[in-house]
Amino acid sequence: MENYQKIIEDIYLNLKNVNDPGKVANYIPELGTVSADNFGINITDIHRKSFSIGDADKKFSIQSISKILTLTLAYQLEGEELWKRVDVEPSGNPFNSLLQLEADFGKPRNPFINAGAIVICDVLISHLKNPKEDFLNFCKDICHNNNLAYSDKVAQSEKETGFRNTALCNFIKSFGNIKNKVEDVLDFYFYTCALELSCAELSQIFLFLADDHFLCQKGKTVLTESQAKRVNAIMLTCGFYDESGEFAFRVGLPGKSGVGGGIVAIHPDNYVITVWSPKLNPKGNSYKGMHFLEQFTTQTGISIF
Ligand code: GLU
């Protein structure tokens with residue numbers, strides 16, 4: 001355990017100045033304003049010991065990492081019924097693809113591609129009185145941290161340029177798998193992607209997936225043991241767009257990335273590790289983040305396999 005600080009420091013120093021061929025996402029213009037040099041890491045174990053290096057306390061746009069949180073709340077509220085609306089198969093396609101929806105009659109392949117997360121947001125809107133406020137409170141509750149917020153700037157920037165997500169939502173609605181108004185679903189979806197957390201905060205918020213005994217502020221477990229197993233399984237098979245197999249192959253942990261350059265990975269019964277470096281590889285995953293985690297599980301010899 002004590003070695004974590006030294007291991008993350010060594011890998012950080014190894015990677016800090018490597019030539020990073022990645023590109024900061026700018027299809028959401030506001031994301032393009034972030035400095036490419038940010039690089040932070042945090043690992044928090046199930047005993048709450050936390051180790052950080054670099055920009056681990058700077059908040060950033062978590063983007064698709066929020067899809068784990070929306071899925072978790074929808075799973076709490078709907079139970080197994082949820083899988084009637086969204087499948088649990090890897091898509092093998094880019095995160096914003098419309099391709100498979102036609103053949104699959106509007107049922108997205110999994111909750112971690114945009115189509116799936118949009119359906120999950122629709123499910124949440126049907127349950128929640130004030131979706132944005134209630135979802136934010138849920139997030140605060142599970143990480144025991146009131147200092148969480150959405151970035152209005154990022155949400156607005158995505159709203160202005162979110163043509164593909166608008167197409168996805170309309171297309172799914174044409175099959176009857178969106179029940180609420182398209183504008184409301186998209187507005188909520190864009191805000192969930194615009195949540196801002198630091199690496200240290202992200203490790204903390206996902207402890208419930210690593211620790212069976214983790215309790216939220218209300219003293220309850222966030223998911224049952226079986227539900228947590230399933231969310232981890234979907235992360236392992238679907239968490240990295242069409243590079244999910246590659247991440248499992250190289251890193252060997254369930255995880256989820258976002259186009260803000262963050263990656264969260266879970267070692268059940270052990271720890272949560274979060275890396276942030278904004279430059280993305282061609283598949284949309286943080287270039288240094290992938291390399292960092294590969295080196296981490298290789299050097300520690302600890303993965304789920
Ligand atoms: N808000 C982003 C989008 O919908 C999320 C993409 C991602 O992080 O995968 O395009």
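The values are calculated or read from the model by the stated rules, or taken from the named source; none is laboratory data. Just so we're clear, the structure is a prediction, and the values are computed from it rather than from any experiment. Please note: Cβ atoms are built from the backbone with ideal geometry, for glycine as well, and neighbour counts cover all protein chains shown. These accessible areas exclude ligands, DNA and RNA; they are computed on the full protein's heavy atoms, side chains included. Shrake-Rupley method; radii C 1.70, N 1.55, O 1.52, S 1.80 Å.
On the given criteria, is residue 97 farther than 29 Å from residue 201 by Cα, within 16 Å of the ligand (Cβ to nearest atom) and among the polar types (S, T, N, Q)?
Working: farther than 29 Å from residue 201 by Cα: yes; within 16 Å of the ligand (Cβ to nearest atom): yes; among the polar types (S, T, N, Q): yes.
So residue 97 fits the description; yes.
State all residues of segment 177-191 that are away from the ligand (no atom under 13 Å from the Cβ), in contact (Cβ under 8 Å) with a residue 12 or more places away in the chain and open to solvent by 10 Å² or more (accessible area, probe 1.4 Å); if no residue qualifies, say none.
Residues satisfying the conditions are 177, 179, 180, 182, 184.
Scan segment 219-237 and report the pairs whose first residue is in a loop (DSSP other than H, G, I, E, B) and whose second residue is open to solvent by less than 70 Å² (accessible area, probe 1.4 Å) and hydrophobic (A, V, I, L, M, F, W, C), with Cβ atoms within less than 6 Å and a gap of 6+ or a chain change.
Going by the 6 Å Cβ cut-off, the qualifying pairs are 222/142; 222/208; 222/216.
Surrounded by 24 or more Cβ atoms within 10 Å (Cβ to Cβ) and over 24 Å from residue 20 (Cα atoms): which single residue out of 210, 194, 228 fits that description?
Going through 210, 194, 228 in turn, the sole match is 194.
Of (1) away from the ligand (no atom under 16 Å from the Cβ); (2) open to solvent by less than 10 Å² (accessible area, probe 1.4 Å); (3) in contact with a Ser or Thr (Cβ under 8 Å, 6 or more places away or on another chain), residue 20 satisfies all except one. Which?
With respect to (1) away from the ligand (no atom under 16 Å from the Cβ); (2) open to solvent by less than 10 Å² (accessible area, probe 1.4 Å); (3) in contact with a Ser or Thr (Cβ under 8 Å, 6 or more places away or on another chain), residue 20 is out only on (2).
Just checking, how many residues over segment 24-67 are open to solvent by less than 40 Å² (accessible area, probe 1.4 Å), away from the ligand (no atom under 16 Å from the Cβ) and among the hydroxyl-bearing types (Ser, Thr, Tyr)?
Residues in segment 24-67 being open to solvent by less than 40 Å² (accessible area, probe 1.4 Å), away from the ligand (no atom under 16 Å from the Cβ) and among the hydroxyl-bearing types (Ser, Thr, Tyr): 1 in total.
Is it the case, given these coordinates, that residue 278 is closer than 20 Å to residue 63 by Cα and crowded, with 21+ Cβ neighbours inside 10 Å?
Judged against the criteria, residue 278 is a match.
Going through segment 105-114 one residue at a time, which ones are more than 10 Å from the ligand (Cβ to nearest atom) and open to solvent by less than 10 Å² (accessible area, probe 1.4 Å)?
Scanning segment 105-114 gives 106, 108, 110, 111.
Does any residue in segment 88-117 that is on the phi > 0 side of the Ramachandran plot and in contact (Cβ under 8 Å) with a residue 60 or more places away in the chain come within less than 9 Å, Cβ to Cβ, of a residue that is assigned to a loop (DSSP other than H, G, I, E, B) and buried (at least 18 other Cβ atoms within 10 Å of the Cβ) six or more places away or on a different chain, and which pairs are these?
Pairs that qualify, where the first residue is on the phi > 0 side of the Ramachandran plot and in contact (Cβ under 8 Å) with a residue 60 or more places away in the chain and the partner is assigned to a loop (DSSP other than H, G, I, E, B) and buried (at least 18 other Cβ atoms within 10 Å of the Cβ), are 92/109; 105/177; 106/177; 106/178.
Do you know which residues across segment 68-91 are polar (S, T, N, Q), touching a helix residue (DSSP H, G or I) at 6+ places or on another chain (Cβ under 7 Å) and away from the ligand (no atom under 15 Å from the Cβ)?
Result: 72, single match.
Checking residue 251 against (1) more than 26 Å from residue 80 (Cα to Cα); (2) under 14 Å from the mean Cα position of the chain (by Cα), only one condition comes out false. Which one?
(2)
Please work out which residue is nearest to the ligand (Cβ to nearest atom), limiting yourself to segment 141-159 and to residues that are under 26 Å from residue 86 (Cα atoms) and open to solvent by 30 Å² or more (accessible area, probe 1.4 Å).
This residue is 159.
Quick check, is residue 283 within 12 Å of the ligand (Cβ to nearest atom), crowded, with 24+ Cβ neighbours inside 10 Å and within 25 Å of residue 28 (Cα to Cα)?
Taking the combined requirement at face value, the residue does not satisfy it.
Cβ contacts < 8 Å: first residue farther than 13 Å from residue 203 by Cα, restricted to segment 51-75; second residue in a strand (DSSP E or B) and open to solvent by 30 Å² or more (accessible area, probe 1.4 Å), any location; separation 6+ or different chain. Result?
60/196; 61/196
Which helices (runs of 4 or more DSSP H) does segment 78-155 wholly contain that include 3 or more residues that are of a type outside the set (Asp, Glu) and modelled with pLDDT under 95?
Filter on segment 78-155 gives 99-103.
Within segment 238-277, count every residue that is within 12 Å of the ligand (Cβ to nearest atom) and not in a strand (DSSP E or B).
10
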